[in-house]
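To start, the structure itself, in structure tokens.
The values are calculated or read from the model by the stated rules, or taken from the named source; none is laboratory data. Please read all numbers here as calculations on a predicted model, not as lab measurements. Cβ: placed from backbone, ideal geometry, glycine included. Neighbour counts: every protein chain shown.
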Amino acid sequence: MIRRLNVNEEEMNKIMEIWKTSTIQAHQFIPKEYWLKNYEIVKEKYVPMAETYVCLDENEIKGFISIIQGEYIGALFVDIHCQAKGIGGELIEYVKEIYDSLTLGVYKENKKAVTFYEKVGFIKKCEKLNEETNELEYIMNFQK
């Protein structure tokens, strides 16, 4: 089941734990300290500004997606123990029903994610340098 995030301490802590473990695992080419340093910024600034949807299985959050300003996917993360089971695809399909256009940035080095986004209909628009991490990223877009 997919629904909007209930902005309470329990659900916020769960999605932040998913974010922390998943992002460190997926971005091993970036020092772990970078992600740990940004944990509070994500929790206090980016999640509250986004429309966040969670995927639940037996009332437990297994993944989430956050949409910023009605079009930008700021986060899509799935619990590391639940990956490759279709949760990310379910979340993408859910937001594709709500939003006509979606854009995201994904690190070029994160080949698994790049392949996933292409599989679910996103197209690479450009490549740019992420100045915070000094890593190349693709800007990708989905249009209905």
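Just a few scattered comments:
- Annotation note: Cβ proximity below 6 Å between a residue of region 15-39 that is within 16 Å of Ile65 (Cβ to Cβ) and a residue that is among the basic types (Lys, Arg) (sequence gap 6+ or interchain) occurs for Met16/Lys43.
- The criterion of at least 2 residues that are of a type in the set (Gly, Ala, Ser) is met by the following strands (runs of 3 or more DSSP E) wholly inside region 1-101: 60-68, 72-78.
- Residue in region 32-50 that is modelled with pLDDT of 90 or more, within 17 Å of Ile98 (Cα to Cα) and of a type in the set (Gly, Ala, Ser) present: yes
- Counting the residues of region 58-84 that are under 19 Å from Glu17 (Cβ atoms) and either surrounded by 15 or more Cβ atoms within 10 Å (Cβ to Cβ) or touching a strand residue (DSSP E or B) at 6+ places or on another chain (Cβ under 8 Å) (or both) gives 14.
Table: residues versus (1) farther than 16 Å from Ala26 by Cβ; (2) among the acidic types (Asp, Glu).
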| residue | (1), (2) |
| --- | --- |
| Asp57 | yes, yes |
| Asp79 | no, yes |
| Gln83 | no, no |
| Lys96 | yes, no |
| Lys112 | no, no |
| Lys144 | yes, no |
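- Qualifying residue in region 91-98 (condition: surrounded by 12 or more Cβ atoms within 10 Å (Cβ to Cβ), farther than 17 Å from Ile18 by Cβ, in contact with a strand residue (DSSP E or B) (Cβ under 7 Å, 6 or more places away or on another chain) and among the basic types (Lys, Arg)): yes
- Candidate set from region 120-133 (those that are touching a residue at least 24 places away in the same chain (Cβ under 8 Å) and either in contact with a strand residue (DSSP E or B) (Cβ under 6 Å, 6 or more places away or on another chain) or part of a helix (DSSP H, G or I) (or both)); member that is farthest from Glu33 (Cα to Cα): Gly121
- Residues that are farther than 25 Å from Glu135 by Cα and surrounded by 20 or more Cβ atoms within 10 Å (Cβ to Cβ), drawn from region 31-52: Thr52
- The number of residues in region 80-89 being more than 15 Å from Val120 (Cα to Cα) and within 11 Å of the chain's Cα centre (by Cα) comes to 0.
- Residue list for region 135-144, restricted to those being modelled with pLDDT of 95 or more and over 11 Å from Gly105 (Cβ atoms): Phe142
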